[in-house]
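*Asks:* For reference, the structure I am asking about is given below.
The values are calculated or read from the model by the stated rules, or taken from the named source; none is laboratory data. From a predicted model like this one, the values you see are computed outputs, not experimental measurements. Using ideal geometry, Cβ is built from the backbone for each residue, glycine included, and neighbour counts are taken over all protein chains shown.
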Amino acid sequence: MSGELIKLQIKAYKDERFSEEVSEGEFRTMLNPETYKFKYKIEQNDDQASGTSAASPRFNKALPENLDLEFVFDRTGVITDYGAAGSSDDKIFKDEGGGIIDDIEQFKKVVLDYDGDEHKPNYLIISWGTLLFKGTLSEMDVTFKLFKSDGTPLRAVANAKFKGFVEDDLRVAMENNSSPDLTHVRIVKDGDTLPLMAFRIYGDSKYYLEVAKANNITNFRKLETGQSVFFPPIQKAN
């Protein structure tokens, strides 16, 4: 293992198939969350015909899950971004004149900005450890907590709610037990190669070129540890 602390990452896409990345649409949290919360909701049909006795509610559908996350922004120098073990690349988040303004704006650009042509928010992939969530921001509030003498904020906490969804083609695949190919995102570990990762996902390493194309990877022999790789559904030849 590299010893590097993996940070929660959010990547923004313009389309629901997660094939077109937003320019500068990547955010890594300063401080990993202590908790995150999923919320599931079952919708039931309580309609009852006139003159009939009460009946048990009937299942209608399972609504997409929601994800609640808290993000901490701090430029007081108390947060350190540790690099790999033994590395001198550790970074201390200090005030560079603008406090946390640029950090908040980059965060908003990724999770809040919407496509002006499509009039819809960015589609997001949130990944950290075993957490892999696809959805869009539904609600967010930012509380500023510490300020410089001139009023520039140095610390803030953003509470964000994300609404999950499944792409149309992925939903069909999930509802069809005979469909083997689903969408995957994997974090590169030490020793991983694209052919090896393709073999794990698809059962055949020959699909690595399609994965490289989907991720705009020009040198598939050199993957960076901690890098996210998107493995799209692939139509296999019979």
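*Asks:* Can you tell me which of Leu137, Leu132 is surrounded by 13 or more Cβ atoms within 10 Å (Cβ to Cβ), under 26 Å from Ile6 (Cα atoms) and modelled with pLDDT of 90 or more?
*Replies:* Leu137
*Asks:* Looking at region 196-227, which of its residues are in a loop (DSSP other than H, G, I, E, B) and either among the small types (Gly, Ala, Ser) or at positive phi (or both)?
*Replies:* Gly203, Asn216, Gly226
*Asks:* Additional query: Across region 23-46, which residue is surrounded by the most Cβ atoms within 10 Å (Cβ to Cβ) among those that are under 16 Å from Phe133 (Cβ atoms) and polar (S, T, N, Q)?
*Replies:* Thr29
*Asks:* Here's something else I'd like to know. Take Ala212 and tell me if it is under 19 Å from Phe27 (Cα atoms), under 23 Å from the mean Cα position of the chain (by Cα) and at pLDDT 85 or above.
*Replies:* The answer is no for Ala212.
*Asks:* Return a yes/no flag: does region 54-63 have any residue that is of a type in the set (A, V, I, L, M, F, W, C) and at pLDDT 90 or above.
*Replies:* No: zero hits.
*Asks:* Go through the residues of region 87-97 one by one and say whether even a single one is modelled with pLDDT of 90 or more, of a type in the set (Val, Ile, Thr) and in the same structural domain as Lys148 (by TED's automatic domain parsing).
*Replies:* Looking through region 87-97, none of the residues is modelled with pLDDT of 90 or more, of a type in the set (Val, Ile, Thr) and in the same structural domain as Lys148 (by TED's automatic domain parsing).
*Asks:* Here's a follow-up. Say we look at region 190-215 and pick out the residues that are without any contact (Cβ under 8 Å) to a residue 40 or more places away in the chain and within 22 Å of Leu8 (Cα to Cα); which of these is surrounded by the most Cβ atoms within 10 Å (Cβ to Cβ)?
*Replies:* Met197
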